[in-house]
Amino acid sequence: MPSTLPTATAPTADLARPYRLARRPEERIVLLGQLMDMVRPEEVMHFITGSIASGRRTLIANHNAHSLYLLRRNADFARYYGLADLVEVDSLPLLLWANGTGRRSRRFHRCTYLDWREQFWTLASKNQWRVFFLGGAPGVPEIAKQSLQKRWPSLVLDGRDGYFDMTQDQEQNASVVEQIAAFRPDVLFVGMGMPRQELWIQQNYEQLPNCVVLPVGAAFDYEAGVQKAAPRWMGRMGMEWAFRLVNDPTRLFGRYCVEPRFLVGMLAADAFAARTERQRARQLERRRKAVGESAGHRRRAADQRRTLPAG
């Protein structure tokens with residue numbers, strides 16, 4: 001997986017806040033045993049722009065507490081992350097944990113569809129990107145398309161629902177892959193919920209056309225108005241989960257109230273590793289200082305010997 005963003009032109013006027021075009025190695029971190037990228041929404045847009053310009057197939061994945069729980073229980077789901085070129089962090093608690101254990105992370109590194117949707121559709125409209133959406137209930141992609149094209153009339157957008165047999169060798173699934181290929185997308189959004197969307201991507205990735213592939217969950221449900229998105233201030237405060245739990249307690253109680261306890265072992269291992277790393281860094285710093293002081297002492301002694309009178 002590359003540790004730098006693809007080369008592209010300077011940031012466009014649509015992305016007003018300045019950001020670096022090149023990534024620093026320390027901005028790809030290992031957290032709870034998984035690779036994650038500390039990227040801002042602007043950097044995600046730059047990655048998409050560069051990937052489309054290069055004409056290669058790329059995958060943007062994301063991690064949150066639910067994904068960390070699932071990948072320990074599903075080998076195909078874990079293999080999906082091995083395909084990813086960029087891994088967003090979709091969880092403020094994970095970012096706070098990263099910062100508390102010595103990694104470089106900030107609140108603005110939280111990236112989800114809702115964080116960069118305005119920037120994306122502005123760029124897609126301006127650059128005439130071809131965008132295909134796979135997912136949602138029957139009728140949802142069409143409503144979402146109409147809603148988006150009211151705001152950005154020049155969007156080149158198509159899609160279909162996610163209600164089909166996704167078994168890899170089934171005729172229905174093959175037909176869906178063919179439909180996507182025929183559209184020749186620059187960007188493919190897959191919104192069928194975690195882990196179904198990730199498993200579908202993992203199983204069909206090599207058959208997909210060269211485009212940027214992103215899992216986006218309920219993105220088009222939000223655009224179609226069939227689900228209400230949490231206010232962005234709740235996302236910035238790390239409280240989006242509470243909004244979703246209140247609105248869908250039956251489905252999400254296990255995810256938010258039961259699954260986190262299975263992460264305790266990983267948290268403990270991560271904390272121990274971070275402590276060991278800090279201790280090693282302090283030891284290296286003490287040795288460096290000791291070597292420096294010893295070298296300085298030897299230089300001073302040599303200088304004194306040179307200045308002593310002969311005989």
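The values are calculated or read from the model by the stated rules, or taken from the named source; none is laboratory data. Note that the structure is predicted; figures quoted are calculated from it, not measured. Quick reminder, even Gly has a Cβ in these numbers, built from the backbone with ideal geometry, and neighbours come from all protein chains shown.
Structure notes:
- Qualifying positions in segment 100-132 - among the polar types (S, T, N, Q), within 17 Å of the chain's Cα centre (by Cα) and under 30 Å from residue 280 (Cα atoms): 105
- Residue under evaluation residue 43, criteria (1) touching a Leu at 6+ places or on another chain (Cβ under 6 Å); (2) part of a helix (DSSP H, G or I); (3) buried (at least 19 other Cβ atoms within 10 Å of the Cβ); (4) not β-branched (Val, Ile, Thr), criterion not met: (1)
To keep it simple, each residue is scored yes or no on (1) touching a residue at least 60 places away in the same chain (Cβ under 8 Å); (2) crowded, with 19+ Cβ neighbours inside 10 Å; (3) more than 24 Å from residue 71 (Cβ to Cβ); (4) of a type in the set (Ser, Thr, Tyr).
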{"position": "152", "(1), (2), (3), (4)": "no, no, yes, no"}
{"position": "192", "(1), (2), (3), (4)": "no, yes, no, no"}
{"position": "196", "(1), (2), (3), (4)": "no, no, no, no"}
{"position": "205", "(1), (2), (3), (4)": "yes, no, no, yes"}
{"position": "209", "(1), (2), (3), (4)": "yes, no, yes, no"}
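- Meets criteria (at pLDDT 70 or above and at positive phi) for residue 311: no
- Of all residues in segment 121-148, those satisfying the criterion of being out of contact with any strand residue (DSSP E or B) (no Cβ under 7 Å at 6 or more places or on another chain), surrounded by fewer than 23 Cβ atoms within 10 Å (Cβ to Cβ) and part of a helix (DSSP H, G or I) are 121, 122, 123, 125, 126, 127, 142, 143, 146, 147.
- Of all residues in segment 211-234 being farther than 20 Å from residue 52 by Cα and touching a strand residue (DSSP E or B) at 6+ places or on another chain (Cβ under 7 Å), the one that is surrounded by the most Cβ atoms within 10 Å (Cβ to Cβ): 220
- Residue that is modelled with pLDDT under 90 and not in a strand (DSSP E or B), where the choices are 105, 67, 51: 105
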